[in-house]
Amino acid sequence: FNNELQHAEKMEIISELAASVAHEVRNPLQVTRGFLQLLGERSASSDKAYIDMALDELDRASGIITDFLTFAKPGAENIKTLSIAEEFRHIEGVLTPLASIHHGTIVMDIAPDLYVKGNSSKFKQAFINMIKNSIEAFQDEGQITIAASKENGEIVIRIRDDGVGMGPEELKRLGEPYFSNKTKGTGLGLMVTFRIIEAMQGTLKFSSEKGAGTEATIRLPEASE
Ligand code: ADP
Ligand code: MG
């Protein structure tokens, strides 16, 4: 018991530290981004390609920092009643362009009047991380189906893709920090997603078959409107 307490205290300190470092580093990154963008507007097209690459890498760094911040603060603040349909309309708007770049589509089948309690931006982050993985798993083309309904008084959301899929060894490691099979992956996305879903008192399970696709099932307590 004593050990457990010490562990919890350590986690608390690490979380606080991660949050403050992430927060402090994000501001200069944003300023740098602004100046680079200005430079890009003024420079010859031969230089633009380099500036665009620099901007992409900066955005990647910002994304990693956002993940760390969320891990430290998975959304205990700003809790509201969220409409599942509304949240997913927004998520679809953000990710449909990315899906089409990768020759894929997103199909939604969301029942009306589904509500959960949570922090809206964390909720979106949790699902965007998962759906991005589905897009990145596309084979020549792909389809993602997002279904949400009520089952036995619980909100159940299923995200299915027909991408490359995973074997049992990969499945076991999902959510482990730094577990990634991608050249530019961070292995932080699902760690953050698990953390957010847990903070919402929910559960997240994956099933997958190599070469056939993956399905994530998220269960969340229902909230009244
Ligand atoms: P990252 O995307 O940075 O690699 P994640 O935590 O988001 O980190 O995912 C970890 C790994 O899990 C991925 O590298 C990938 O191998 C695997 N993975 C996650 N979701 C899927 C999916 N829908 N289809 C196939 N593989 C997946
Ligand atoms: Mg990812």
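Derivation of every value follows stated rules applied to the coordinates shown; laboratory data play no part. On a predicted model such as this, the values are computed, not experimentally measured, just so you know. Neighbour counts run over all protein chains shown; Cβ positions are idealised from the backbone, glycine included.
From the C-alpha gyration tensor of the stretch 45-161, pull out the three semi-axes of the equivalent ellipsoid (sqrt of 5λ each), sorted largest to smallest, in whole Å. Intermediate values should be presented prior to the final figure.
Numbers: eigenvalues 167, 84, 24 Å².
In descending order, the three semi-axes are 29, 20, 11 Å.
Please report the antiparallel percentage of DSSP beta bridges with both residues in the stretch 21-145, rounded to the nearest 5. Percent antiparallel among DSSP bridges in the stretch 21-145 is about 50. Calculated mean residue ellipticity at 222 nm for the chain: -18500 deg cm²/dmol, from DSSP H runs with n ≥ 4 weighted as -39500 (n - 2.57), summed, divided by the residue count and rounded to 500. Near the amide H of GLY104, within less than 5 Å, lie the amide hydrogens of GLY142, all on another chain or at least 5 residues away, with H placed in the peptide plane. So what does the Cα-only Debye profile of the stretch 118-180 read at q = 0.13, 0.17, 0.30 Å⁻¹, as log10 I(q)/I(0), no solvent term? Per q value, in the given order, log10 I(q)/I(0) is -0.46, -0.77, -1.24. Projecting label points 7 angstrom from Cα along Cα→Cβ for THR203 and ALA8 puts them 2.3 nm apart.
Residues MET11, MET200, ranked from the fewest to the most other C-beta atoms within 10 Å, line up as MET11, MET200.
Protection proxy ranking of 153-165, 39-51, 16-28, by the mean of other Cβ atoms within 10 Å over each peptide's residues and highest first, is 153-165, 16-28, 39-51.
Enumerate the helices in the chain for which the Kyte-Doolittle hydropathy averages -1.0 or more and the C-alpha atoms extend at least 27 Å along the helix's axis, using complete DSSP H runs.
Working: long enough: 2-42 (61 Å, -0.35); 45-72 (41 Å, 0.17).
Result, helices passing both filters: 2-42, 45-72.
For the chain, the residue among SER20, ASN152, THR70 whose Cα projects farthest onto the positive side of the dipole built from Cβ charges is SER20. Sorting ILE131, ILE64 from the fewest to the most surrounding beta carbons within 10 angstrom yields ILE64, ILE131. Sequence-distant contacts, meaning Cα pairs under 8 Å at least 6 residues apart, place the relative contact order of the chain at 19 percent. Extension gain, ARG173 to LEU29: 0.36 nm times the residue separation minus the Cα-Cα distance gives 48.7 nm.
Along the axis of the charge dipole computed for the chain (Cβ charges of +1 for Lys and Arg, -1 for Asp and Glu, origin at the Cα centre), the listed residues HIS102, LEU82, MET11 are led at the positive end by MET11. Measuring from centroid to centroid over Cα atoms, what is the spacing of the stretch 151-206 and the stretch 22-39 in Å? About 30 Å separates the Cα centre of the stretch 151-206 from the one of the stretch 22-39.
Within a 10 angstrom radius of the beta carbon, how do LEU36, LEU82 rank from fewest other beta carbons to most? Write down the numbers at each step before the final one.
On the way: LEU36 16, LEU82 20.
Fewest-to-most Cβ neighbours within 10 Å comes out as LEU36, LEU82.
For the pair VAL21 and ASP113 in one chain, pulling the backbone fully straight at 0.36 nm per residue adds 29.2 nm over the alpha carbon distance. Within a straight-line Cα-Cα reach of under 17 Å, LYS184 can be paired with the following lysines, leaving aside sequence neighbours fewer than 8 residues apart in one chain: LYS132.
Which of the chymotrypsin sites (Phe, Trp or Tyr not before Pro) found in the stretch 135-214 are in a DSSP loop and have at most 14 neighbouring Cβ atoms, other than their own, within 10 Å?
Values: sites: PHE138, TYR178, PHE179, PHE194, PHE206; in loops: PHE138, TYR178, PHE179.
Here the chymotrypsin sites (Phe, Trp or Tyr not before Pro) that fit, given the DSSP loop and packing criteria, are TYR178.
Relative intensity of the chain on a log10 scale, I(q)/I(0) at q = 0.09, 0.14, 0.15 Å⁻¹, equals -0.43, -1.00, -1.13, per a Debye sum over C-alpha point scatterers of equal strength in the absence of solvent.
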